[in-house]
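Notes to accompany the following structure.
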Amino acid sequence: MTETKHSVKSSSYLSGIKPVLVRLRDRLLEEYPYASILATDSQAKQYSVSKTATSVGMIGRWSGRGFVVKVYDGYGYGEYSFNEISEDRIEEIAAKIKNELTPMSDHLPEGVKRSIYAMLEDEPLVFAGSTEYEVDPAEYGDENIIRELTRISETGRAYSEKILDCAAFVNYQKYSKLFLSRNRDMEQNVLWAAGGFSVMASRGEEIKDSYKGFSNLGGMELLAKMREGVCDVAKVALELLESEPITPGEYDCICTPEATGMIVHEAFGHGVEMDMFVKKRALAERFVGRQVASNLVTMHDGASAAEEVATYFFDDEGVLAKDTVVIDKGVLKAGISDAQSAMHLGTVPTGNGRRESYQRKAYTRMTNTFFEGGTDKLEDMIASISYGFLLEEPSSGMEDPKNWGIQCMVSIAREIRDGKLTGKIFSPVVLTGYVPDLLKSISMISEKVELGGGGMCGKGYKEWVKVSDGGPYIKARIRLG
């Protein structure tokens, strides 16, 4: 595979249709003080290989071409999405918007008070940006991608006679977006890839599996990284056959960057999404300016805060990407927001207004969410524990932003006794607690920081977007069960 960097090209479709979109925007501005158009051209595909099946297919929720118009009538906002446009349909679309969306405030039920909203900021901005990649998935081709995954799957299955299967997969999305308003003309072109493999091992009737994910802001150069890791995961799957249930209790624990990322995402990511502040569903709103974590902890979220799958140049409301410092040395400084939530709360939008697709509304969504690194060495962190665990391989998590509770699953807890790993493994493990208690107990943080974006985050009506999370190794007091 080549190591030459290339910039993601603009969508020829969007470039061709842009003059028509400009005329539609201008037509809408004749009737509304604010009008914007978000245009999207996206392709997403997924590939998987296992012992029994091979598949290639489009990812429907992230593929397609379409448009969403947002208008303001002096009182409120309305949106209209569609997937076909031409010069002779401009008046038809304008009429539909007028008939179906406005006047937005004249259709309220009896007794409901009319709210008056301000107009969104629309400072002049012309922008165009593209991410970079080494191997274009479309040019590399389905056949080559499947061949690579087959090799990975076969390598995992050949590791031991106890391995039942090794399922390998990869997916990608390449998208281009235009955002047009009275004063804004913005374009971005982005490509990300994510993949992983799950290795299943058996001993008699007992079956265990281990998983590892990979991701990058780029293309199928990701496959080279995946090839290097499959035997390590097969080894862990075999180790898990010797695992035992853990005795519930509170322990000194070290979290790997992946486990740290799950805590960051679940504990404070959702809790500081400011559309939850508007709905009074997040306890974090009352703690802004207060100590919520150890003074070792600094947390970021932002599409420009890192280069991973959730990186972009501007959000789906035309707000430039930012790096928001959510926690600074243990103090909760700010939440993240979409433009509408920021307007309601009297704050500045942070560039976190994201849609699953042009057919869905924008919510406040996380992007690249992580803790900063510290100054400690992993070996010193392990040596500091008389009895505790190294937590690895997070699998799922749940949070309660209203009460700041957290519950996460990890597959592996490696025993530490007298400052050394004993080789004994406990599995599965449930991590629970009250978020500030957990974060205030953090006493050591490693220098090394890693982010991963193998998963997705759901919100609203189970609308999914790509996110990445991570951080350093952290030492904390954690309740396990």
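Pairs linking a residue in the stretch 345-372 that is in a strand (DSSP E or B) to a residue that is crowded, with 20+ Cβ neighbours inside 10 Å and among the basic types (K, R), with Cβ atoms under 7 Å and 6 or more positions apart or on different chains, are R354/R365; Y363/R354. In the stretch 86-101, is there at least one residue being at pLDDT 95 or above and in a loop (DSSP other than H, G, I, E, B)? There is at least one residue in the stretch 86-101 that is at pLDDT 95 or above and in a loop (DSSP other than H, G, I, E, B).
Which residues, counting only those in the stretch 79-92, are open to solvent by 30 Å² or more (accessible area, probe 1.4 Å) and out of contact with any Gly (no Cβ under 8 Å at 6 or more places or on another chain)? Let's see the steps before the verdict.
From the stretch 79-92, those open to solvent by 30 Å² or more (accessible area, probe 1.4 Å) are 79-81, 83-84, 86-89, 91-92; that's our starting set.
Correct list: E79, Y80, E84, S86, E87, D88, R89, E91, E92.
Can you work out which of the residues in the stretch 408-424 that are in contact with a helix residue (DSSP H, G or I) (Cβ under 8 Å, 6 or more places away or on another chain) and open to solvent by 10 Å² or more (accessible area, probe 1.4 Å) is nearest to D252 (Cα to Cα)? First the steps, then the outcome.
First, the residues of the stretch 408-424 that are in contact with a helix residue (DSSP H, G or I) (Cβ under 8 Å, 6 or more places away or on another chain): 408, 410-412, 416, 419-421.
Restricting the remaining residues to those that are open to solvent by 10 Å² or more (accessible area, probe 1.4 Å) gives 411, 419-421.
On the way: S411: 17, G419: 11, K420: 13, L421: 13 Å.
Among residues in the stretch 408-424 that are in contact with a helix residue (DSSP H, G or I) (Cβ under 8 Å, 6 or more places away or on another chain) and open to solvent by 10 Å² or more (accessible area, probe 1.4 Å), the one nearest to D252 (Cα to Cα) is G419.
If you check G433, G455 for being of a type in the set (G, A, S), farther than 19 Å from D400 by Cβ and open to solvent by less than 50 Å² (accessible area, probe 1.4 Å), only one passes: G455.
Looking only at residues in the stretch 6-50 that are over 19 Å from N183 (Cα atoms) and among the aromatic types (F, W, Y), the one that is most open to solvent (accessible area, probe 1.4 Å) is Y13.
I need a count of the residues in the stretch 1-43 that are among the aliphatic types (A, V, I, L, M), closer than 25 Å to A118 by Cβ and within 27 Å of the chain's Cα centre (by Cα). Don't jump to the end; show me each part of the working.
Filtering the stretch 1-43 down to residues among the aliphatic types (A, V, I, L, M) leaves 1, 8, 14, 17, 20-22, 24, 28-29, 35, 37-39.
Cutting the leftovers down to closer than 25 Å to A118 by Cβ gives us 24, 28-29, 35, 37-38.
This time we only want the ones that are within 27 Å of the chain's Cα centre (by Cα), so: 37-38.
The qualifying residues number 2.
Scanning the stretch 231-255 for residues that are part of a loop (DSSP other than H, G, I, E, B) and among the acidic types (D, E) yields one hit, E242. For the stretch 386-402, the candidate set comprises residues that are small (G, A, S) and at pLDDT 85 or above; within that set, the residue that is least open to solvent (accessible area, probe 1.4 Å) is G388.
The set of residues from the stretch 328-349 being under 23 Å from A293 (Cβ atoms) and touching a Phe, Trp or Tyr at 6+ places or on another chain (Cβ under 7 Å) comprises L332, G335, L345.
Test K322 against the criterion of being under 25 Å from A118 (Cα atoms) and without any contact (Cβ under 8 Å) to a residue 24 or more places away in the chain, and give yes or no. The answer is no for K322.
Scanning the stretch 290-312 for residues that are out of contact with any Asp or Glu (no Cβ under 7 Å at 6 or more places or on another chain), in a loop (DSSP other than H, G, I, E, B) and open to solvent by 60 Å² or more (accessible area, probe 1.4 Å) yields R290, N295, L296, E307. Whether a residue is in contact with a Ser or Thr (Cβ under 9 Å, 6 or more places away or on another chain) and buried (at least 24 other Cβ atoms within 10 Å of the Cβ) was assessed, and G351 passes this test. With respect to A259, is the statement that it is within 23 Å of the chain's Cα centre (by Cα), open to solvent by less than 10 Å² (accessible area, probe 1.4 Å) and at pLDDT below 95 true? Here the answer is no, as A259 does not meet what is asked.
Within the stretch 51-78, the set of residues being within 28 Å of the chain's Cα centre (by Cα), surrounded by fewer than 16 Cβ atoms within 10 Å (Cβ to Cβ) and either part of a helix (DSSP H, G or I) or touching a residue at least 12 places away in the same chain (Cβ under 8 Å) (or both) comprises T54, V56, G57, M58, I59, G60. Residues considered: A334, A362. Of these, the only one that is in contact with a helix residue (DSSP H, G or I) (Cβ under 9 Å, 6 or more places away or on another chain) and farther than 23 Å from V69 by Cα is A334.
The values are calculated or read from the model by the stated rules, or taken from the named source; none is laboratory data. These figures come from a predicted structure and were not determined experimentally. Here Cβ is always computed from backbone atoms with ideal geometry, including for glycine, and neighbour counts include all displayed protein chains. Accessible surface areas use protein heavy atoms only, side chains included; no ligands, DNA or RNA. Shrake-Rupley method; radii C 1.70, N 1.55, O 1.52, S 1.80 Å.
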